[in-house]
There are 2 protein chains.
Amino acid sequence: MSTLPGRRRGPSKGDRREQAILETARALLARKPLADITIDELAAGAEISRSSFYFYFDSKLAVVVALLHGITGELGRDAGPWLDGDGPDAESLRAALSALAVLWRDQGRLLTGAFAAAPGCPPLAQWRDGLRAAHVDRLAARIERDRAAGRAPAGPAPRVLAGLIDDLRTAAFAGTADPEALVDDLVTVELRMIYGDFGGSPLGRVIRQAP
Amino acid sequence: MSTLPGRRRGPSKGDRREQAILETARALLARKPLADITIDELAAGAEISRSSFYFYFDSKLAVVVALLHGITGELGRDAGPWLDGDGPDAESLRAALSALAVLWRDQGRLLTGAFAAAPGCPPLAQWRDGLRAAHVDRLAARIERDRAAGRAPAGPAPRVLAGLIDDLRTAAFAGTADPEALVDDLVTVELRMIYGDFGGSPLGRVIRQAP
DNA sequence: TTCGCAATCGACAGTATGTCGAAAAAGTCG
DNA sequence: CGACTTTTTCGACATACTGTCGATTGCGAA
């Protein structure tokens, strides 16, 4: 079996160094954007020479990929109830978005850098695409379910709509210094994108009326 | 009065060269992303040496800024009827989005590159912010008008909502190879974001019902 | 202890950016 | 036409990063 790309192999001695590099990267990302971080700094932070850095990682982006692997699991965390649920369930959507916002608050520079560098770096692009696809697939399925059951109005193809929602999240969180402040508004907006309808609507109609 | 930053001054001889550089940049951007374009290529395209390039522009980004100046006017073109109008006017919104989509279709690489490089390049950031502010201001005012007149339900603060809509547009157009195909769906989605309401809505209610 | 792999580093080579000062082309004006 | 100024051009440098190679050191196991 192949280990992570970049790292040659072996058990544990230099593993502490590998950790040190990751740790340094995390620390630096808290202070400045990815583009401003050089391999020298990463190596210095781990107390090795610049060329030794290449023993552990193939490039700066490889470090990012490793860092990303550590948080990929959390990216979808708490989204289950919303994605597997039914109808305009504001509470479960808020839970999903809150968890995501916290992640963006803590790892904003990493995520922004990763998304920015994705085109032109196959592994990053693949990571981004996989993440997006996972979200879009489930959300599109949810939309389809709701439409079939008459809980949501017709509209853009489910996958397209789901894609737009995913884009919106990323853009919104990437563009603000305080992602958590956006959660409530995103809840409203996403629900409207899926369930929103209004009298002048060209297609579809109001499914449920206020009592 | 100061001319465009980067260009020293003077009348006309080397102006053709300046144009040649811009033209080369345009041509190259049609084939590859901004990040893959080097100053050598730009200079070669204008048939001057690399160091002569610096006589005309301070950097690659300065060329981008100049290119951007040429299309900034078009970015808001055809948005007037929508932004100055009233209510869920799908037709005028579609007109605004169509014009924008064409621009993204033709200048996608330039715009994507500009948005990506904006953080870390003050002039680009300023251009982006100005553009966004102009759109957000007018759209927020429109939302406010509609809400005051009872044509739109309550929801996120107008400026925030307008910001989200602006983010969505940029993200959606930047992320697709065929912006025009998204126009109809964006029309639906933006209208829902502003006017959409549904039975389970926590706030607000259906303003107009289908006959 | 000695063999082999993990780990480290210095020296190089490559690519891109940006700066300087000297010189060549173009204008200008008497 | 010449002298003089301004525009334009370029080669030579200096700098910053990236990535590669080969030699060497450390260290654990047979």
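The values are calculated or read from the model by the stated rules, or taken from the named source; none is laboratory data. On a predicted model such as this, the values are computed, not experimentally measured, just so you know. FYI the Cβ positions are ideal-geometry reconstructions off the backbone, even for glycines, and counts take in every protein chain you see. Side chains are part of the model used for accessible areas, which takes the heavy atoms of the whole protein and leaves out ligands, DNA and RNA. Shrake-Rupley method; radii C 1.70, N 1.55, O 1.52, S 1.80 Å.
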ask   = Using a 1.4 Å probe, what is the accessible area per residue for the range B:1-141, in Å²?
value = 53 Å²
The protein assembly as shown - convex hull of the alpha-carbon atoms, volume per residue in Å³ = 165 Å³
query = So what's the gap between the Cα centers of the range B:52-69 and the range B:121-189, to the nearest angstrom?
reply = 29 Å
task = Run through the other copies and list how far each one's label point is from that of B:ASP89, in nm with one decimal, shortest first; the point sits 7 Å from Cα along Cα-Cβ.
result = 4.1
query = How far is B:ALA149 from itself in the other copies, in nm, if each label sits 7 Å out from Cα along the Cα-Cβ line, shortest first?
reply = 3.8
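How many partner chain Cβ atoms sit within 10 Å of a residue's Cβ in peptide A:175-183, on average, as a whole number?
Values: counts 7, 3, 0, 0, 0, 0, 1, 4, 0.
Going residue by residue through A:175-183 and averaging, the value is 2.
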request  = Taking the Cβ of A:GLN107 as the centre, find all other residues whose Cβ is under 15 Å away and add up their charges (Lys, Arg: +1; Asp, Glu: -1).
outcome  = +3
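Taking 0.36 nm per intervening residue step and subtracting the Cα-Cα distance, what contour gain separates A:ASP86 from A:ALA181 on full extension? Walk me through the numbers before you get to the answer.
Working: separation 95, 0.36 × 95 = 34.20 nm, distance 2.55 nm.
The span from A:ASP86 to A:ALA181 would gain 31.7 nm if fully extended.
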task = Treating only the Cβ atoms of Lys and Arg (+1) and Asp and Glu (-1) as charged, compute the dipole magnitude of the range A:15-58 about its Cα centre; round to the nearest 20 debye.
result = 120 debye
request  = Please work out the FRET efficiency for the pair A:ALA99 and B:LYS13, using the Cβ-Cβ distance as r and a Förster radius of 45 Å; give the result to the nearest 0.05.
outcome  = 0.15
key: Innermost chain A residue relative to the axis carrying A onto B, by Cβ distance in angstrom   = A:GLY196, 1
Label geometry 7 Å along the beta-carbon vector: A:ILE71 inter-copy distances in nm = 3.2
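Please get the size of the charge dipole for the protein assembly as shown, origin at its Cα centre, with Cβ charges of +1 on Lys and Arg and -1 on Asp and Glu, quoted in debye to the nearest 20. The partial results should precede the final answer.
Numbers: 54 positive and 54 negative charges, 150 e Å.
Roughly 720 debye, rounded to the nearest 20.
The range A:44-142: which GluC sites (Glu not before Pro) are DSSP loop and have at most 16 other beta-carbon atoms within 10 angstrom?
A:GLU47
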remark   = Here the whole-number average of other chain Cβ atoms within 10 Å per Cβ of A:115-121 is 2
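Per-residue mean of other chain beta-carbon atoms within 10 angstrom of the beta-carbon, peptide A:154-167? Mind showing how you got there, number by number?
Details: counts 1, 5, 8, 1, 0, 0, 8, 4, 0, 6, 11, 2, 2, 10.
That works out to 4 on average.
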query = In degrees, nearest 10, range 0 to 90: what is the angle between the Cα axis of helix A:15-31 and the longest Cα principal axis of chain A?
reply = 60 degrees
query = Mean projection of the alpha-carbon convex hull of chain A over all orientations, in nm²?
reply = 14.1 nm²
task = Using only the alpha carbons, work out the radius of gyration and Dmax of the range B:15-58 in angstrom.
result = 9.5, 26
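Could you order B:SER49, A:SER92 by accessible surface area, starting with the largest, using a probe radius of 1.4 Å?
Details: B:SER49 60, A:SER92 15 Å².
If we order B:SER49, A:SER92 from most to least accessible, we get B:SER49, A:SER92.
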message = Restricted to Cα positions, what overall size does the range A:93-191 have along the principal axes? Three whole-Å values, descending.
response = 41, 32, 17
